[in-house]
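*Asks:* Submitted below is the structure of interest, expressed as structure tokens.
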């Protein structure tokens, strides 16, 4: 990895233009990103620390936090396994329908999360295709935790695969072939060669996937049924509190989400930096 | 271990890479697959390694059919063109890889592992760099790590894909002689791919010249040079003059419109002559130190004639504008090809 090169003098814009662009960019970031973030925290602490603590330790809030973590704990590993498998399949094999598979992986990005939620209601809801069968067997998916997990998994489906496919394409398969000729089986090849190679890219994808799993609102809102203490995730809990004019409590819970987002950002930055270092070196010796 | 290939064919979706290859490689031999890029030589090497399965044909090691045996079960050492070292592992761990992935009860451990990896690193003269990472090595050092890693599994066949392609000229020469010396010591059956005829000539016992997925000629270097089997082999092994009968019939005695004489520059003799009847006109004379390179133009030829004379025998009368007579010490005649 060569160190970032200075842009050539020929490509450098005049000073006034650079200053203008910089001001515009900073103003945008300030207005749309930094200011709201400050607002979240200032509203959260507006009535003092005691109320903040009370708001986030309230039993409904705690249930929402627990549920959110549970959902992430299921959907993130599921999508990690799927993402690695899909990226492996797509970058290492030639098969019919490969382009279709790539498009399908992107589907959750293209579809509005609300529609994603509705699809599950239509499939698993009491009036849905599989509804009667599910009712008969006493399986509850919609307005219950399984539905929330399903909807979240759907929405966060592409993150890991999307991150790994270009990375694995750029890295090529020579090291894997080398491992093969040295007698490595599939399992040791994966743990000793593939995983270390894609490690940071994978971490990057998992972090993004996790952030989205925790923050997902639309799809979850449709399938959750908003049952307090049972099927409310953190974003849903924030909405309910806000609609009840409980502004301080709403912002207190929201500030937890914001903190999580900031932590994600730091981790993501770190993983992205390490991932770029794992790209193949220029082969010229 | 000997290798026999019978009627090997391989096609990619849009092109034929191998078109009926028959080749047998003797145990302990060092064989070069030589050809222009796209001639199928790397594909053939990968077929031997088991990294590609042929569409047709049989691969045998020591008489045993291994055509459908997976790469990891063939015990073949493979050195990749760009080395394919494991960047996240040290030099020591790269070399140890093949030993660490062995079945549990066959896996050398502790001191035994250290000793074997240490021996290999000594063999490739990299003992001092065991704890470095590939990114901290020069091209030649990486190449030797790749070689040690391939040898760690004690292969009976060693395959090398353009082993010196990515190195600069001086390192390449050193490494080439070193590799030849290594082969003479360990006698593992070796096949290497190259597009550089000089490399093939310096290293190999025998050379298979490939073109369009076929083997044009298989011979030792000497024979290949003096007795090429086809115009392609002739042209591929370095500069050659192609002379029509009008020019060569006088001294070859071979007539007919189809007979083209192929003459190497150092077999072509130009002598100053006053007669313009069969003569060429000298265009450039270039002193190359030990030799002198002369280019002359003849009315019957599109390309200039190229002759290389040894300095001691160079006729000072040859200078630009001089009429010269053309003759050859040695030549090969092929019918005009299409």
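Since every read-out is calculated from the coordinates, none of them should be taken as a lab result. Since the structure is predicted, the reported quantities are computational estimates derived from the model, not experimental observations. When we count neighbours, we look across all protein chains shown, and the Cβ atoms used for this are built from the backbone with ideal geometry, even at glycine.
*Asks:* Output the 0 to 90 degree angle, nearest 10, between the alpha-carbon long axis of helix B:91-100 and the longest principal axis computed from the alpha carbons of chain B.
*Replies:* Taking Cα atoms only, the helix is inclined about 70 degrees.
*Asks:* Considering only DSSP beta bridges where both residues belong to the protein assembly as shown, give the percentage that are antiparallel (nearest 5). Intermediate values should be presented prior to the final figure.
*Replies:* On the way: 45 of 63 bridges.
Around 70 percent antiparallel, to the nearest 5.
*Asks:* Give me the one-decimal Kirkwood hydrodynamic radius in Å for region B:230-313, with the sum taken over alpha-carbon pairs. Show your work: numbers first, answer last.
*Replies:* Values: mean 1/r = 0.0729 Å⁻¹.
Taking the inverse mean of 1/r over all distinct Cα pairs, region B:230-313 comes out at 13.7 Å.
*Asks:* Report Rg (one decimal) and Dmax (nearest whole number) for region A:145-285, counting Cα atoms only, units Å.
*Replies:* 20.3, 66
*Asks:* Hey, another quick one. For residue A:270 paired with residue B:313, estimate the spin-label separation in nm (one decimal), with each label point 7 Å from Cα along the Cα-to-Cβ line.
*Replies:* Here the answer is 7.5 nm between the modelled labels.
*Asks:* Let me check against my output: what whole-number percent is the relative contact order of region B:266-338, with C-alpha pairs under 8 Å and at least 6 apart?
*Replies:* On the way: 137 pairs, mean separation 31.8, N = 73.
43 percent.
*Asks:* Tell me, what does the Kirkwood hydrodynamic radius of region B:153-312 come to in angstroms if you use every pair of distinct C-alpha atoms? Don't jump to the answer; show the numbers that get you there.
*Replies:* On the way: mean 1/r = 0.0537 Å⁻¹.
Result for region B:153-312, one decimal place: 18.6 Å.
*Asks:* How much length would be gained if the chain were fully extended between residue A:57 and residue A:112, taking 0.36 nm per residue of separation minus their Cα-Cα distance, in nm to one decimal?
*Replies:* Values: separation 55, 0.36 × 55 = 19.80 nm, distance 3.25 nm.
Contour length minus Cα-Cα distance gives 16.5 nm.
*Asks:* Once fully extended, how much extra length lies between residue A:228 and residue A:170, figured as 0.36 nm per residue of separation less the alpha-carbon to alpha-carbon distance? Walk me through the numbers on the way to the answer.
*Replies:* Numbers: separation 58, 0.36 × 58 = 20.88 nm, distance 4.72 nm.
That pair, residue A:228 and residue A:170, stretches by 16.2 nm at full extension.
*Asks:* D for region A:223-267, whole µm²/s, Stokes-Einstein with Kirkwood Rh over alpha-carbon pairs at 37 °C and 0.692 mPa s: what number? All intermediate terms of the calculation are to be shown ahead of the outcome.
*Replies:* On the way: Rh = 11.2 Å.
Rounded to a whole number, D works out at 294 µm²/s.
*Asks:* If I take R0 = 41 Å and measure r between the Cβ atoms of residue B:136 and residue A:94 in this structure, what FRET efficiency does the formula 1/(1 + (r/R0)^6) give, to the nearest 0.05? Don't skip to the end; give the middle numbers.
*Replies:* On the way: r = 36 Å, r/R0 = 0.88.
The pair residue B:136/residue A:94 has a calculated efficiency of 0.70.
*Asks:* Could I ask something else about it? For chain A, just run the numbers: alpha carbon Rg, then divide by 2.2 N^0.38 Å, N being how many residues it has. Let's see the in-between values first.
*Replies:* Details: Rg = 23.0 Å, N = 285, 2.2 N^0.38 = 18.8 Å.
Normalised by 2.2 N^0.38 Å, the Cα Rg of chain A equals 1.22.
*Asks:* When you count, for each residue, the other Cβ atoms within 10 Å and take the mean per peptide, how do B:85-95, B:198-208 rank with the highest first?
*Replies:* Numbers: B:85-95: 21.6, B:198-208: 20.1.
Listed from highest to lowest mean packing, they are B:85-95, B:198-208.
*Asks:* Here's something else I'd like to know. For the protein assembly as shown, take every pair of Cα atoms, bin their distances at 20 Å starting from 0, and report each bin as a whole percent.
*Replies:* Once binned at 20 Å, the Cα pair distances of the protein assembly as shown give 15, 32, 28, 17, 7, 1.
*Asks:* Right, next: Which order results if B:235, B:72 are arranged by neighbouring Cβ count within 10 Å, fewest first?
*Replies:* Numbers: B:235 13, B:72 20.
So the residues, fewest neighbours to most, are B:235, B:72.
*Asks:* With r as the distance between the Cβ atoms of residue B:227 and residue A:245 and R0 = 60 Å, compute the FRET efficiency 1/(1 + (r/R0)^6) and round to 0.05. Let's see the in-between values first.
*Replies:* Values: r = 99 Å, r/R0 = 1.65.
Given R0 = 60 Å and the Cβ-Cβ separation, E is 0.05.
*Asks:* Tell me the Rg and the Dmax, in Å, that the Cα atoms of region B:3-49 produce.
*Replies:* Considering region B:3-49 through its Cα atoms, Rg and Dmax are 11.0, 36 Å.
*Asks:* Could you check which residue among A:156, A:68, A:181 shows the biggest mean-square fluctuation in a GNM of chain A with a 10 Å Cα cutoff?
*Replies:* Looking only at A:156, A:68, A:181, the largest GNM fluctuation is found for A:181.
*Asks:* Another one. What distance in nm separates the simple spin-label points at residue B:287 and residue B:16, each placed 7 Å from Cα in the Cβ direction?
*Replies:* Label at residue B:287, label at residue B:16, 5.2 nm between them.
*Asks:* Please tell me the relative contact order of region B:239-297 in percent, rounded to the nearest whole number, where contacts are Cα pairs under 8 Å and at least six residues apart. Can you show the working numbers first?
*Replies:* On the way: 59 pairs, mean separation 15.1, N = 59.
Normalised by residue count, the contact order of region B:239-297 is 26 percent.
*Asks:* Report Rg/Rh for region B:152-225, rounded to two decimals, where Rg is the Cα radius of gyration and Rh the Kirkwood radius.
*Replies:* Values: Rg = 12.8 Å, Rh = 13.3 Å.
Reported Rg/Rh (Cα atoms, Kirkwood Rh): 0.96.
*Asks:* What list do you get for A:47, B:106 if you sort them by fewest beta carbons within 10 Å? Could the numbers behind the result be given before it?
*Replies:* Numbers: A:47 16, B:106 8.
Lowest count first: B:106, A:47.
*Asks:* So, one more: If you take all C-alpha pairs in region B:291-338, what percent of them are over 15 Å apart?
*Replies:* On the way: 630 of 1128 pairs.
Counting every Cα pair in region B:291-338, those more than 15 Å apart make up 56 percent.
*Asks:* Mind checking the mean number of beta-carbon atoms from other chains within 10 Å of the Cβ atoms in B:76-87? Write down the numbers at each step before the final one.
*Replies:* Working: counts 3, 2, 5, 2, 5, 2, 7, 5, 11, 4, 8, 9.
Taking the mean over all residues of the peptide, I get 5.
*Asks:* Looking only at other chains, what is the average number of their beta-carbon atoms within 10 angstrom of each beta-carbon in B:97-106? Before the final figure, lay out the partial values.
*Replies:* Values: counts 8, 6, 2, 5, 11, 4, 2, 0, 0, 1.
That works out to 4 on average.
*Asks:* Equivalent ellipsoid semi-axes for region A:1-149, as square roots of 5 times the alpha carbon gyration tensor eigenvalues: give them largest first, rounded to whole Å.
*Replies:* 41, 32, 16
*Asks:* What order do you get for B:260-271, A:14-25, A:35-46 when each peptide is scored by the mean count of other beta carbon atoms within 10 Å, highest first? Walk me through the intermediate numbers first.
*Replies:* Details: B:260-271: 19.8, A:14-25: 9.9, A:35-46: 14.4.
Ranking, from highest mean packing down: B:260-271, A:35-46, A:14-25.
*Asks:* Using a 10 angstrom cutoff on alpha carbons, build the Gaussian network for chain A and name the most mobile of A:212, A:228, A:94.
*Replies:* Top of the fluctuation ranking is A:94.
*Asks:* With contacts defined as alpha carbon pairs under 8 Å and 6 or more residues apart, what's the relative contact order of region B:168-233 in percent? Before the final figure, lay out each step's value.
*Replies:* Working: 46 pairs, mean separation 13.2, N = 66.
Relative contact order for region B:168-233 comes out at 20 percent.
*Asks:* Here's another thing I want to ask about it. When A:204, A:242 are ordered from fewest to most other Cβ atoms inside 10 Å of their Cβ, what list results?
*Replies:* On the way: A:204 26, A:242 15.
By the 10 Å Cβ count, ascending: A:242, A:204.
*Asks:* Counting DSSP beta bridges with both partners in region B:147-262, what percentage is antiparallel, nearest 5? Spell out each step's value before the answer.
*Replies:* Values: 7 of 12 bridges.
That works out to approximately 60 percent antiparallel.
*Asks:* Compare the peptides B:284-291, B:220-227 by average per-residue count of other Cβ atoms within 10 angstrom and give them in order, highest first. It would help to have the intermediate numbers written out before the result.
*Replies:* Working: B:284-291: 11.5, B:220-227: 14.9.
With the highest mean Cβ count within 10 Å placed first, the list reads B:220-227, B:284-291.
*Asks:* Against the empirical 2.2 N^0.38 Å scaling, what ratio does the C-alpha Rg of region B:67-202 come to? Numbers along the way, then the final one.
*Replies:* On the way: Rg = 14.7 Å, N = 136, 2.2 N^0.38 = 14.2 Å.
So region B:67-202 has a normalised radius of gyration of 1.03.
*Asks:* Nearest 10 degrees, 0 to 90: what angle lies between the long axis of helix B:169-186 and the longest principal axis of chain B (Cα atoms)?
*Replies:* It is inclined by approximately 60 degrees.
*Asks:* Which semi-axis lengths, in whole Å and largest first, follow from the square roots of five times the eigenvalues of the Cα gyration tensor of region B:1-139?
*Replies:* Values: eigenvalues 210, 69, 39 Å².
In descending order, the three semi-axes are 32, 19, 14 Å.
*Asks:* Using the alpha carbons of chain B, what is the convex hull volume per residue in cubic angstrom, as a whole number? Don't skip to the end; give the middle numbers.
*Replies:* Numbers: hull volume 56.5 nm³, N = 338.
Considering the Cα atoms of chain B, their hull volume per residue is 167 Å³.
*Asks:* Would you calculate the separation in nanometres between label points at residue A:122 and residue B:9, each defined as 7 Å from the Cα along the Cα-to-beta-carbon direction?
*Replies:* In this crude spin-label approximation the distance works out to 5.1 nm.
*Asks:* Another question about this same structure. How well do other chains shield peptide B:46-58, expressed as the mean number of their Cβ atoms within 10 Å of each residue Cβ? Could the numbers behind the result be given before it?
*Replies:* Numbers: counts 2, 0, 0, 3, 2, 5, 0, 0, 0, 0, 0, 0, 0.
That works out to 1 on average.
*Asks:* Residue A:195 to residue A:43: extension gain in nm, 0.36 nm per residue of separation minus the Cα-Cα distance?
*Replies:* Details: separation 152, 0.36 × 152 = 54.72 nm, distance 4.35 nm.
Going from the current span to full extension adds 50.4 nm.
*Asks:* Quote the FRET efficiency, to the nearest 0.05, computed for residue B:196 versus residue B:113 with a Förster distance R0 of 35 Å and r equal to the Cβ-Cβ distance.
*Replies:* Values: r = 37 Å, r/R0 = 1.05.
Efficiency, from the Cβ-Cβ distance: 0.40.
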